[in-house]
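Working notes for the structure below.
The values are calculated or read from the model by the stated rules, or taken from the named source; none is laboratory data. What you see is a predicted model, and the numbers here were worked out from it, not measured in a lab. With ideal geometry, Cβ positions are generated from the backbone for all residues, glycine too; neighbour counts draw on all protein chains shown.
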């Protein structure tokens, strides 16, 4: 049995940014000790968020900037017809709420996929710190740039790649992100359901289920409910890299 903490257990025992097990993954790692002290002063730690509870709603005035401490969160928007469009999944150490910096309102929604905890910085305090800290501005600019790159990659995935490659890319992305959190990269539980994965990848639920079954039949992965075990990592990585030359040029600019 693995002695590594589960996603839900990560970060539950620490009481300061510097002592947190997620410190190397959090934006607080990249700012000065003085700035971290200011964060520590206003931070509300380990705020519980129940499964299916919203952290915020689209159009709502921003009250906090949140870092996922444990659990996982889904971000989504609503189309003009009221249909849900999944835009991302957030794991421990990742920050939510930066999309409200432009007009202090959230353009989309965030909902907990499981019982989770967050560290919350009051939005007004966060904005004040941004105004006085060039370093914090630099870190936030990097994070926003990374989010833009992920959005661009998602558009590439949805628009240009076949279902097999999309699913392989998704599984490899989750594997690598979990590995950075000291989780087993070859055996993990997907906290999102098939519907959310299909929505995110621009596929139908049936196509996602069929693709997972095919990969299992080919002994690339093993799937038991939401538990995924990678059996042939080189094969999965090769599938995830099957992007045509034109798509590669678009992805790299």
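Scanning segment 180-205 for residues being over 20 Å from residue 224 (Cα atoms) and assigned to a helix (DSSP H, G or I) gives a total of 3.
Residue 179 meets each of the listed conditions (1) touching a helix residue (DSSP H, G or I) at 6+ places or on another chain (Cβ under 7 Å); (2) more than 21 Å from residue 76 (Cα to Cα) apart from (1).
Residue by residue, here is whether (1) within 30 Å of residue 102 (Cβ to Cβ); (2) over 21 Å from the mean Cα position of the chain (by Cα); (3) not assigned by TED's automatic domain parsing to the domain that holds residue 87 holds:
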| site | (1), (2), (3) |
| --- | --- |
| 139 | yes, no, no |
| 153 | yes, no, yes |
| 167 | no, no, yes |
| 184 | no, no, yes |
| 196 | yes, no, yes |
| 209 | no, yes, yes |
| 218 | no, yes, yes |
| 224 | no, yes, yes |
| 236 | no, no, yes |
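Look at (1) closer than 21 Å to residue 111 by Cβ; (2) in a helix (DSSP H, G or I) and you find that residue 214 fails only one, number (1).
Which of the strands (runs of 3 or more DSSP E) found entirely inside segment 18-104 contain at least 3 residues meeting this: in contact with a strand residue (DSSP E or B) (Cβ under 9 Å, 6 or more places away or on another chain) and without any contact (Cβ under 8 Å) to a residue 40 or more places away in the chain?
Filter on segment 18-104 gives 73-78.
May I ask you to say which residue of 169, 143 is part of a helix (DSSP H, G or I), under 20 Å from residue 238 (Cα atoms) and touching a residue at least 12 places away in the same chain (Cβ under 8 Å)?
169
Condition check: under 16 Å from the mean Cα position of the chain (by Cα), under 23 Å from residue 111 (Cβ atoms) and modelled with pLDDT under 95. Does residue 176 satisfy that? No: the conditions fail for residue 176.
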